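Taking it in order: structure first as structure tokens, then the write-up.
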Amino acid sequence: MDGLNKLRLTGFVLLFLASTGAALPQVSDRALALHRDSLVFDAHVHVVDRQFYHGGDMGQRVDDGQFDLVRAKEGGLDAMFFSLFVTEQYYPARLETKQTLRLIDAAYEQLAKNKDKIELALNASDVERITQSGKIAAFMDLEGGFDLDGDLAVLRNLYRLGLRSFQLPAHNWANNFADSCCAPAKWHGLNDRGRAVIHEANRLGMVINISHGSDETISQAIDVSSDPILATHHGLRSFNDIPRTMPDDLLRKLAE
Ligand SMILES: [Zn+2]
């Protein structure tokens, strides 16, 4: 089985595990062996909010919440999107960029505290090097608005700070360049600024995540981007008919 197929299969396993809730699932020896043999990449982990708001160290095992590095390692996690989450409360006073910078600082603090367990990855070959050393590879990723206006200079500076992936809409709100799933349409997808953000992300080598985008945003982003784009956390509309989920035709378009 090649690496990509392993990754696809593991994605399904992770989706399955996530859907089963908190109780530990019983898995067969064969499934466990496959899991252990795979490169396991979790593409959406809200990592530093807990430490940002409540303090603490992600390298310490905790008995509540969904994530710490000890349990991640025991669970066989090899790589992850180290997702920073700027919540809607920061948008009205236009503090989203400031909060993004604070969370990046918190991320670096946690990475420094745990440099024996996890390391920032900036490209694909970093993932191979870091996982071969026995550590978890972390790509810094942003959920929520990096800047509601989509300022390309801000985006470039976030890239320089190590950010390699971001979500196009501002979580469940529209921003000034892309519509969200869950707010009234402002642009019917992307406007010129949104297309410029995508072109700049492509040029820099940043991964665009369209989870939380409206159907129009998702479809247009796939058309505009010269690189593949991701939907890292998305349900299917055929199972749950709400705007936050992915209709089958868009899922096919994304896969193509
Ligand atoms: Zn999300």
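No lab work stands behind these numbers, since they all come straight from the coordinates. Everything numeric in this text was worked out from a predicted model, so none of it was measured. Quick reminder, even Gly has a Cβ in these numbers, built from the backbone with ideal geometry, and neighbours come from all protein chains shown.
Can you give me the orientation-averaged projected area of the convex hull built on the Cα atoms of the chain, in nm²?
13.9
Can you list the residues, at least 5 places off or on another chain, whose amide H is less than 5 Å from the amide H of LEU84, using H built in the peptide plane?
Close amide H contacts, sequence-distant or interchain: ASP141, LEU142, GLU143.
Report, to the nearest 10°, how far helix 192-204 tilts away from the longest principal axis of the Cα atoms in the chain, using its own Cα long axis and a range of 0 to 90°.
40
With label points built 7 Å along Cα→Cβ from the Cα atoms of ALA31 and LYS186, find their separation and express it in nm.
Here the modelled spin labels are 4.3 nm apart.
Between 0 and 90 degrees, rounded to the nearest ten: what's the tilt of helix 215-224 against the longest Cα principal axis of the chain?
90
Along the positive direction of the dipole of the chain (beta-carbon charges: Lys, Arg +1; Asp, Glu -1; about the Cα centre), which of GLY213, VAL197, VAL154 reaches farthest?
So the residue we want is VAL154.
Looking at the chain only, what percent of DSSP beta bridges run antiparallel? Nearest 5 please.
Percent antiparallel among DSSP bridges in the chain is about 10.
Please state the charge dipole magnitude for segment 35-168, taken about the Cα centre, from unit charges on C-beta atoms (+1 on K and R, -1 on D and E), reported in debye and rounded to the nearest 20.
340
Run the reach check for LYS186 against aspartates and glutamates, Cα to Cα strictly under 14 Å, same-chain hits fewer than 8 apart removed. What comes back?
Counting by Cα, and skipping residues close in sequence, LYS186 has these aspartates and glutamates nearby: ASP149, ASP215, GLU216.
With charges set only on the Cβ (+1 for Lys and Arg, -1 for Asp and Glu), what does the dipole of segment 103-163 come to about its Cα centre, in debye to the nearest 20?
360
Could you give the angle, 0 to 90 degrees to the nearest 10, between helix 3-19's Cα long axis and the longest principal axis of the Cα atoms of the chain?
Taking the Cα atoms of the chain, the angle to 3-19 is about 90 degrees.
Less than 10 Å Cβ to Cβ from SER219, Lys/Arg counted +1 and Asp/Glu -1: what total charge do the surrounding residues give?
Here the count lands on -3.
For a footprinting-style exposure proxy, rank ILE222, ILE242 by other Cβ within 10 Å, fewest first.
ILE242, ILE222
Sort segment 110-161 into rounded, prolate or oblate with this rule: let a ≥ b ≥ c be the square roots of the eigenvalues of the Cα gyration tensor; rounded if a/c is under 1.5, and if a/c is not under 1.5, prolate when a/b is larger than b/c, oblate otherwise.
prolate
If the convex hull of the alpha-carbon atoms of segment 133-256 is projected onto planes in all directions, what is the mean projected area in square nanometres?
8.2
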